[in-house]
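Input: a single structure, listed below in structure tokens.
The values are calculated or read from the model by the stated rules, or taken from the named source; none is laboratory data. Predicted model only: the values in this text are computed from it and were never measured. All Cβ positions, even for glycine, are placed from backbone atoms using ideal geometry, and neighbour counts span all protein chains on display.
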Amino acid sequence: MHELASKGNFGELVNISKPDYEREVTVCSRDGACAVAVHLYAPGVEESLLVTSYFQKLAREHPSTKFVNIEGTKCIDKYPLVNMPTLIFYKNGNIVNQLVRIDKLGGVDMTMDTFTAYLRKFEMI
């Protein structure tokens with residue numbers, strides 16, 4: 001994985017589990033190899049499905065950024081379903097932005113253009 005990260009060439013959405021989080025997110029971003037965009041999702045939640053579809057597309061278009069999905073309640077014990085989707089952006093081992101729910105981006109009506117602009121605001125892509 002570190003070899004891939006050092007090249008900064010990801011190109012696909014990565015599904016991770018709680019034991020993977022430190023290595024796949026914090027360490028990867030801390031090594032300066034990449035920015036990491038994390039999506040805490042809930043299965044079947046329409047907004048989470050939308051973010052997942054956008055992450056899949058953006059991962060292909062921006063292979064220098066690592067896009068990861070992790071089920072929110074399996075990542076954070078007792079994390080409220082109402083808080084999903086949650087987006088967490090990492091650079092240099094630090095959280096540079098966290099967004100709980102996507103309501104301010106349009107909710108289920110959020111466009112790819114709006115989502116892309118939001119990621120650009122934090123230099124994720």
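Structure notes:
- Among the candidates GLY72, GLY93, residue that is in contact (Cβ under 8 Å) with a residue 60 or more places away in the chain, within 22 Å of PRO19 (Cβ to Cβ) and touching a Ser or Thr at 6+ places or on another chain (Cβ under 9 Å): GLY93
- Residues that are over 13 Å from the mean Cα position of the chain (by Cα) and charged (D, E, K, R), drawn from the range 45-93: GLU46, GLU47, ARG60, GLU61, LYS74, ASP77, LYS78
- The range 71-101, subset in a loop (DSSP other than H, G, I, E, B) and at negative phi, residue surrounded by the fewest Cβ atoms within 10 Å (Cβ to Cβ): ASP77
- Any hit, the range 102-120, residues being of a type in the set (Val, Ile, Thr), at pLDDT 95 or above, surrounded by 20 or more Cβ atoms within 10 Å (Cβ to Cβ) and under 16 Å from GLY11 (Cα atoms): no
- Entry remark, the range 27-70: residues being farther than 15 Å from ARG101 by Cα, of a type in the set (Ser, Thr, Tyr) and not in a helix (DSSP H, G or I) number 2 in total.
- Test set (1) within 16 Å of ILE125 (Cβ to Cβ); (2) among the hydrophobic types (A, V, I, L, M, F, W, C); (3) within 14 Å of the chain's Cα centre (by Cα) - LEU40 fails condition number: (1)
- Matching residues in the range 106-125 - criterion: being among the hydroxyl-bearing types (Ser, Thr, Tyr) and either within 26 Å of ASN92 (Cα to Cα) or in contact (Cβ under 8 Å) with a residue 12 or more places away in the chain (or both): THR114, THR116, TYR118
- Taking every residue in the range 13-26 that is in a helix (DSSP H, G or I) and pairing it with any residue that is among the small types (Gly, Ala, Ser), at least 6 positions away or on another chain, the pairs with Cβ-Cβ distances below 8 Å are THR26/GLY93.
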